[in-house]
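Report on the following structure.
The values are calculated or read from the model by the stated rules, or taken from the named source; none is laboratory data. Given the structure is predicted, the values throughout are model-derived calculations rather than measurements. Glycine also receives a Cβ, built like all others from the backbone with ideal geometry; neighbour counts cover every protein chain displayed. All accessible areas refer to the heavy atoms of the entire protein, side chains included, with ligands and DNA or RNA removed. Shrake-Rupley method; radii C 1.70, N 1.55, O 1.52, S 1.80 Å.
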Amino acid sequence: MHISENILSKVNEWLTPTFDNATQEEIKNMMTSSPKELEESFYKNLEFGTGGMRGIMGVGTNRINKYTLGKNTQGLSDYLKKAFPNEQLKVVIAYDCRHNSNTLAKVVANVFSANGIKVYLFEELRPTPELSFALKHLNCHAGIVLTASHNPPEYNGYKVYWQDGGQLVPPQDEEIIQVIEDLAYDEIKFEANENLIEYIGAEVDEAFFNSTIENASFNTPASAKENLKIVYTSLHGTSIKAIPAVLAKAGYTDVNIVKEQEVPDGNFPTVKSPNPEEPEALTMALALAEKTSADIVIGTDPDSDRLGVAVRDTEGKMILLNGNQTMVIMTAFLLEQWKREGRFKGNEFIGSTIVSTPMMLELAAAYGVECKVGLTGFKWIAKFIKDFPNQKFVGGGEESFGFMVGDAVRDKDAVAATLLVCEIAAQAKAAGSSLYKELLNLYIDHGFYKEYLISLTKKGIEGANEIKQMMIDLRENPLKEINGQRVVCVEDYQNSTAKNLITEEVEPIHIPKSNVLIYYLEDGTKICARPSGTEPKIKFYFSVNEPLDSLDNFKKVEADLDQKIKNIVAEMHLN
């Protein structure tokens with residue numbers, strides 16, 4: 001196979017003494033034995049996406065390794081010095097259960113300390129939300145977590161958090177990326193100043209647990225907590241370090257942990273994917289739920305920012321809720337609690353994203369609060385909190401199984417969300433209802449919204465081109481009618497325009513640019529297409545709705561909505 005000049009020049013740079021012998025040897029082996037892999041490893045630089053930088057571990061510019069992460073950290077160090085002149089800079093670093101996470105975290109700590117920056121490094125793996133909390137708790141300027149969330153075992157990643165506890169957002173992200181791009185690898189300072197590295201653990205844990213209980217528990221009677229049967233699995237991830245302790249401290253005594261998945265393990269041996277969005281990931285937890293007659297099942301992803309929830313339906317059968325459903329239940333509960341406690345002052349808001357259920361807007365209207373809607377990713381919800389300091393954030397979420405309770409943690413937080421969902425289930429059970437029935441009542445009050453997601457995986461260079469072409473086709477040949485319904489509006493977030501197809505009027509969209517297209521149909525259906533920012537996928541999100549007048553009609557209306565989604569998917573040739 002012929003290796004292009006562009007790739008060869010990058011490879012040759014990595015064969016200089018700036019890079020260690022092991023790296024050079026691996027590259028030489030790839031040149032002879034796997035030139036295709038060499039091309040994949042060097043054809044571009046790893047980029048920051050919706051959730052920081054994620055990639056396959058290995059040598060090369062398009063891989064996660066000590067040099068790509070060292071370069072990120074050196075660039076970030078240089079930027080911090082400019083952003084906060086004459087301050088003693090402080091950063092905090094956490095990492096998850098993935099292979100090499102602990103050694104890569106130490107590399108990152110070394111580079112910061114070599115640049116004269118004080119480092120707080122967690123002594124062991126910790127949940128991502130705890131990193132966001134620790135950043136503010138320790139008055140740091142920035143934070144890093146080494147995680148690839150729920151990606152496959154060969155991945156790792158690097159997420160950057162800023163002074164407010166939220167992830168990097170424009171314009172800072174672009175400015176930092178530019179500083180990193182302009183750096184040469186031989187400018188990275190790898191020699192640690194150990195005096196500047198302080199290991200942290202139990203003390204921060206305790207503060208994080210207490211903060212979580214303060215934010216996510218709501219006067220649930222002790223008897224109701226003791227009466228709730230919970231099954232919980234950490235899916236081999238970091239939440240085992242926090243969730244059992246938080247539930248116990250909050251008064252939940254009947255917690256059954258899936259033992260086979262309790263020990264953190266970067267191979268995730270018992271699941272195909274450690275992603276609670278995938279029903280298969282909760283198979284063992286659901287089996288344990290049947291054995292223990294549990295009321296609720298909760299599973300979290302490896303870095304403990306997402307959670308999957310299963311509850312018993314009206315016939316007592318365990319069913320998995322999707323991210324939109326859990327978000328709606330949790331938001332409605334929070335709004336109701338705030339209302340009861342007389343906390344509304346007229347300046348509150350909830351947060352959601354453009355690909356999530358429109359039902360969030362209905363809830364906001366019903367409680368007289370604002371719903372701020374941003375791009376996919378919790379960094380945008382955190383940015384709302386930062387940009388609107390005179391408004392009070394109640395809670396918010398996105399369809400991909402993430403939720404944020406209050407503003408103590410500025411990212412999706414499966415620790416607080418787990419406690420909150422247990423509070424809802426415990427109170428409902430004590431009142432002779434159930435979490436599922438509470439959801440159905442919300443559909444009667446606000447309309448029955450049903451969502452569906454299709455993810456198409458397209459790997460490598462060819463896959464990236466295929467995804468690009470699909471978005472071009474959707475833009476250049478927009479659909480005029482879907483499932484017998486006219487398309488009334490197309491929002492193009494790349495061009496920042498919303499076009500009304502009936503009146504031909506075009507309005508600007510005041511949200512940062514992103515490669516997202518949304519079609520709205522005349523019956524209230526919403527269809528969204530976007531390439532994933534963290535995985536080689538293109539995603540299609542569908543939302544359909546109809547009124548629901550009584551619980552008796554639930555099955556019939558649900559069947560109608562399912563059929564509607566099926567027809568749309570078939571018509572768009574996505575099945």
How about region 250-262: which of its residues are among the β-branched types (V, I, T) and open to solvent by less than 30 Å² (accessible area, probe 1.4 Å)?
-> V258
Since P531 meets every condition but one in (1) open to solvent by less than 20 Å² (accessible area, probe 1.4 Å); (2) within 26 Å of K383 (Cβ to Cβ), which condition does it not meet?
-> (1)
Touching a Ser or Thr at 6+ places or on another chain (Cβ under 8 Å), surrounded by 15 or more Cβ atoms within 10 Å (Cβ to Cβ) and either part of a strand (DSSP E or B) or at pLDDT 95 or above (or both), is that true of S514?
-> no
Just need a number here: residues in region 475-497 that are of a type outside the set (S, T, N, Q) and out of contact with any Phe, Trp or Tyr (no Cβ under 9 Å at 6 or more places or on another chain).
-> 8
Going by the structure shown, is D265 acidic (D, E), part of a loop (DSSP other than H, G, I, E, B) and open to solvent by less than 10 Å² (accessible area, probe 1.4 Å)?
-> no
For region 438-455, name all the residues that are over 25 Å from the mean Cα position of the chain (by Cα) and surrounded by fewer than 17 Cβ atoms within 10 Å (Cβ to Cβ).
-> N441, I444, D445, G447
Among the residues of region 350-367, is any in a loop (DSSP other than H, G, I, E, B) and under 14 Å from the mean Cα position of the chain (by Cα)?
-> yes
Looking at region 556-564, is at least one residue part of a loop (DSSP other than H, G, I, E, B), surrounded by 15 or more Cβ atoms within 10 Å (Cβ to Cβ) and of a type outside the set (G, A, S)?
-> no
Within region 137-165, residues being surrounded by fewer than 24 Cβ atoms within 10 Å (Cβ to Cβ) and in contact (Cβ under 8 Å) with a residue 60 or more places away in the chain number 10
Go through region 290-332 residue by residue and tally those that are surrounded by fewer than 19 Cβ atoms within 10 Å (Cβ to Cβ), in a helix (DSSP H, G or I) and of a type outside the set (S, T, N, Q).
-> 2
Only listed residue being of a type in the set (F, W, Y), farther than 30 Å from H236 by Cα and crowded, with 21+ Cβ neighbours inside 10 Å, chosen from F19, F84, F42 | F42
V108 vs. criteria assigned to a strand (DSSP E or B) and either open to solvent by less than 10 Å² (accessible area, probe 1.4 Å) or hydrophobic (A, V, I, L, M, F, W, C) (or both) | no
Failed condition for F344, given (1) surrounded by fewer than 18 Cβ atoms within 10 Å (Cβ to Cβ); (2) under 22 Å from the mean Cα position of the chain (by Cα); (3) aromatic (F, W, Y), with all others met?
-> (2)
Mind checking which residues of region 49-81 are crowded, with 21+ Cβ neighbours inside 10 Å and assigned to a strand (DSSP E or B)?
-> G52, M53, R54, G55, I64
Hey, could you check region 28-56 for residues that are farther than 23 Å from K189 by Cα and aliphatic (A, V, I, L, M) and say which is nearest to the chain's Cα centre (by Cα)?
-> I56
Go through K458, K468 for me and flag whichever is surrounded by fewer than 20 Cβ atoms within 10 Å (Cβ to Cβ) and in contact with a Pro (Cβ under 7 Å, 6 or more places away or on another chain).
-> K458
Touching a strand residue (DSSP E or B) at 6+ places or on another chain (Cβ under 9 Å) and part of a loop (DSSP other than H, G, I, E, B) - does that describe any residue in region 539-551?
-> yes
Pairing a residue in region 94-121 that is under 18 Å from L138 (Cβ atoms) with any residue that is hydroxyl-bearing (S, T, Y) and part of a strand (DSSP E or B), where Cβ atoms lie under 7 Å and the two sit 6 or more apart in sequence or on different chains, gives A105/Y95; L121/Y199
In region 214-249, anything open to solvent by 10 Å² or more (accessible area, probe 1.4 Å), closer than 22 Å to L131 by Cβ and in contact with a Ser or Thr (Cβ under 6 Å, 6 or more places away or on another chain) is listed as I240
In region 423-437, anything free of Cβ contacts under 8 Å to residues at least 40 places away in the same chain and buried (at least 16 other Cβ atoms within 10 Å of the Cβ) is listed as A428
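Kindly provide the set of residues from region 199-224 that are of a type outside the set (A, V, I, L, M) and within 14 Å of P244 (Cα to Cα), ordered by number.
D205, E206, F208, F209, N210, T212
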Only listed residue being under 27 Å from A245 (Cα atoms), in contact (Cβ under 8 Å) with a residue 24 or more places away in the chain, open to solvent by 20 Å² or more (accessible area, probe 1.4 Å) and charged (D, E, K, R), chosen from E130, E124 = E124
